[in-house]
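For reference, the structure is listed below as C-alpha cells.
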Amino acid sequence: QVQLVESGGGLVQAGGSLRLSCAASGGTFSTYAMGWFRQAPGKEREFVSVKGRGGGTTYYADSVKDRFTISRDIAGNTVFLQMNSLKPEDTAVYYCAASVWAGTPIRGDRYAYWGQGTQVTVSS
C-alpha cells in the first residue's frame, strides 16, 4: 500500500526557512514524479513544485521560484522541499503527492497518491 508522510512544517517568521520532507513507502518511487502542492484557508489547492521521474527535471510555480528547492534522495523514496525567504502568503497546508505521469505534471488530477499534509505558517 502506497503511503506518503510529510513532516517538517511549523511556524516561522517572514524571511525564515523550513525544510519539508515526504517519506514514501509501498512502491518504487524512483519511477514516480514527486510533487508538492499547497492549500491555504479558503483557497483552492495549488501546485508548488515537482521533480520528474528518476530524479529528473524540476519545475516550480512562479510564486516560489528562486525561493524553494525540490530534491529527492538517491533511492527516490524521500522528497524534500527547502523553503527559503518565506512570506506570509506561503502559509498553507503543504501536501506531497506521487504521479506515474512522465515529465513534470502540475495538475493535481495527475497524482494518484497524496500525503496527509503538513501545516506551514509564516508570521509577518
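The values are calculated or read from the model by the stated rules, or taken from the named source; none is laboratory data. Values in this document were obtained by computation on a predicted structure and should not be read as measured data. Counting neighbours? That spans all protein chains shown, and the Cβs are built from the backbone with ideal geometry, glycine included. Accessible surface areas use protein heavy atoms only, side chains included; no ligands, DNA or RNA. Shrake-Rupley method; radii C 1.70, N 1.55, O 1.52, S 1.80 Å.
General observations
- Residue in the stretch 72-82 that is acidic (Asp, Glu) and at pLDDT below 95 present: yes
- Criterion violated by Trp36 - all others in (1) out of contact with any Cys (no Cβ under 7 Å at 6 or more places or on another chain); (2) not in a loop (DSSP other than H, G, I, E, B) satisfied: (1)
- Check on Gly8, open to solvent by 30 Å² or more (accessible area, probe 1.4 Å) and either touching a strand residue (DSSP E or B) at 6+ places or on another chain (Cβ under 9 Å) or closer than 23 Å to Trp101 by Cα (or both): yes
- Lys43 vs. criteria closer than 18 Å to Arg19 by Cβ, among the basic types (Lys, Arg) and modelled with pLDDT of 95 or more: no
- Subset of the stretch 66-92 that is without any contact (Cβ under 8 Å) to a residue 60 or more places away in the chain, outside any loop (DSSP other than H, G, I, E, B) and not polar (S, T, N, Q) - its residue that is surrounded by the most Cβ atoms within 10 Å (Cβ to Cβ): Val79
- Some residue of the stretch 24-34 being surrounded by 13 or more Cβ atoms within 10 Å (Cβ to Cβ), out of contact with any helix residue (DSSP H, G or I) (no Cβ under 7 Å at 6 or more places or on another chain), modelled with pLDDT of 95 or more and not small (Gly, Ala, Ser): no
- Filtered residues of the stretch 12-22 (kept if open to solvent by less than 50 Å² (accessible area, probe 1.4 Å), small (Gly, Ala, Ser) and either touching a helix residue (DSSP H, G or I) at 6+ places or on another chain (Cβ under 8 Å) or assigned to a strand (DSSP E or B) (or both)): Ser21
- Scanning the stretch 93-117 for residues that are assigned to a strand (DSSP E or B) and open to solvent by 40 Å² or more (accessible area, probe 1.4 Å) turns up Tyr95, Tyr113, Trp114.
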